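Peer 1: Got a structure for you, questions after.
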Amino acid sequence: MAIFLTGSTGYIGAHVAANLLNEHGASLNLLVRARDAHEAEDRLWRGLQLHLDFKPFYEYLQTRIRIFRGDLTSERFGLSTDDYDRLVHTTDSVIHCAASLRGHQAGARSRPLPWPAPLQPRQHGCGGW
Ligand SMILES: NC(=O)c1ccc[n+]([C@@H]2O[C@H](COP(=O)([O-])OP(=O)(O)OC[C@H]3O[C@@H](n4cnc5c(N)ncnc54)[C@H](OP(=O)(O)O)[C@@H]3O)[C@@H](O)[C@H]2O)c1
């Protein structure tokens, strides 16, 4: 089973992802916004490279990271039925770090996005709410 982590391409989410991979041997289901698999891996690497060398990143990609290309604001994250079922059936907890600055002035605190409602296992947020 895996932890479903949102916001892994962001500042806090990348830190959380790297810590779970490096220090806790966790398996991660990551929701990443991207047009294709290559872009998703590239965007993830850009965030995680502050915390990981490329070799372990690549190993984790093969073994313990499963990327779901989707968007929190879309129904079922915009995933296909098969991908959505795979996400639900392989997730045992959620760490929700995605946030949006939309609607806020530059420099304002980011706004946490709503909980990923379809998933109701143990949940933890990064925003202190
Ligand atoms: N930064 C801090 O020092 C700090 C300290 C304490 C608490 N926090 C809280 O932690 C949370 C995250 O902050 P952050 O600084 O990490 O923000 P961030 O760097 O702006 O990252 C936001 C993350 O959310 C993702 N995201 C936004 N909209 C999405 C959507 N519709 N679907 C899927 N993913 C989406 C972004 O993906 P894309 O890459 O695709 O945009 C990115 O991965 C916020 O609630 C913040 O208040 C932050």
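Peer 1: Which whole number in µm²/s is D for the stretch 15-109 by Stokes-Einstein, with the Kirkwood Rh taken over Cα pairs at 25 °C and 0.890 mPa s?
Peer 2: After rounding, the answer is 168 µm²/s.
Peer 1: Residue-wise, which Karplus ³J(HN,Hα) couplings in Hz belong to the stretch 80-95, taking 6.51 cos²θ - 1.76 cosθ + 1.60, θ = phi - 60°, and x for glycine or proline?
Peer 2: Those phi angles translate into 5, 4, 4, 5, 5, 4, 4, 4, 5, 7, 10, 9, 10, 7, 10, 10 Hz.
Peer 1: Shifting gears a bit: If you average 1/r across every pair of different Cα atoms in the stretch 1-53 and take the reciprocal, what Kirkwood value do you get, in Å? Display every interim value, and only then the final one.
Peer 2: Values: mean 1/r = 0.0906 Å⁻¹.
Its Kirkwood hydrodynamic radius stands at 11.0 Å.
Here, each number is a calculation from the coordinates, and none is a lab measurement. As the structure is a prediction and not an experimental result, all values here were calculated from the model.
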